[in-house]
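The values are calculated or read from the model by the stated rules, or taken from the named source; none is laboratory data. No experiment lies behind these values; they were computed from the predicted model shown. Cβ placement follows ideal geometry from the backbone for every residue including glycine, while neighbour counts extend to all protein chains displayed.
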Amino acid sequence: MNVRRSAPLLLLVALCLVTGADAMIRTLPLSELVQRADFVFVVEVIARIQLPAPTPKDPPMIDTAVNVVRPLKGAWKGPEPIVFRTLGTIDGSMYIEDQPGFPAKGGRAVVFFRMGATGAPLCINGIQGVWVIDPATGELQGMGTGKTLAELETEIAAQQGR
């Protein structure tokens, strides 16, 4: 094998591996996810509205309105829904990596979030901040797979000294 020919190839492979690793999100342990969130709620989606792009250069957005079904950490300020704004798609067929994935209208999820500087709710660690609840089994899906609401409640109680 010719070292002069293989060295650039090895360099290219190494660069691709490093670049790919940098693009992946870092999964937070449950304790850190709970600690970073000001609010952890079980919510129900009441509306998902695709918003048009403000200009041709801007991406479309989706507003997802949810009602609090059960607060696990934090208290919401009233009966009004919480509206999360995330990147949308032009025709609804494109998947946007690492974006929080809310269920369809009527679906439930556990949401970990805080309020951003503009007053808008921000999911903690992107996609990890929304755990869809399977309507048939009640099991947590997405990055909550393998965890239970009881585990989550235990972690929240431990952090709050209960």
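Overview of values
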{"read-out": "Number of the exception - Ile25 against (1) at pLDDT 80 or above; (2) within 17 Å of the chain's Cα centre (by Cα)", "value": "(1)"}
{"read-out": "Selection count, the range 115-140, where residues are touching a residue at least 24 places away in the same chain (Cβ under 8 Å) and closer than 15 Å to Thr27 by Cβ", "value": "9"}
{"read-out": "Hey, Gln35 polar (S, T, N, Q) and modelled with pLDDT under 90 or not", "value": "no"}
{"read-out": "Top-ranked residue in the range 115-162 [being among the β-branched types (Val, Ile, Thr) and in a helix (DSSP H, G or I); ranked as nearest to Glu44 (Cα to Cα)]", "value": "Ile127"}
{"read-out": "Flag if Thr137 is surrounded by 12 or more Cβ atoms within 10 Å (Cβ to Cβ) and either out of contact with any Ser or Thr (no Cβ under 6 Å at 6 or more places or on another chain) or on the phi < 0 side of the Ramachandran plot (or both)", "value": "no"}
{"read-out": "Near pairs, Cβ below 9 angstrom, 6+ apart or cross-chain, from the range 141-162 (touching a residue at least 12 places away in the same chain (Cβ under 8 Å)) to any residue that is loosely packed, with under 11 Cβ neighbours inside 10 Å and not polar (S, T, N, Q)", "value": "Leu149/Gly138; Ile156/Arg162"}
{"read-out": "Failed item, numbered, when Ala65 is tested on (1) at pLDDT 95 or above; (2) within 13 Å of Val130 (Cβ to Cβ)", "value": "(2)"}
{"read-out": "Within the range 98-109, tally of residues that are touching a residue at least 60 places away in the same chain (Cβ under 8 Å) and under 15 Å from Pro81 (Cα atoms)", "value": "5"}
{"read-out": "Residue tally, condition in contact (Cβ under 8 Å) with a residue 40 or more places away in the chain, among the acidic types (Asp, Glu) and either touching a Phe, Trp or Tyr at 6+ places or on another chain (Cβ under 6 Å) or over 14 Å from Ala120 (Cβ atoms) (or both), over the range 34-84", "value": "1"}
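Table: residues versus (1) loosely packed, with under 12 Cβ neighbours inside 10 Å; (2) over 14 Å from the mean Cα position of the chain (by Cα).
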site: Pro54; (1), (2): yes, yes
site: Thr86; (1), (2): no, no
site: Gly106; (1), (2): yes, yes
site: Ile127; (1), (2): no, no
site: Glu151; (1), (2): no, yes
site: Glu155; (1), (2): no, yes
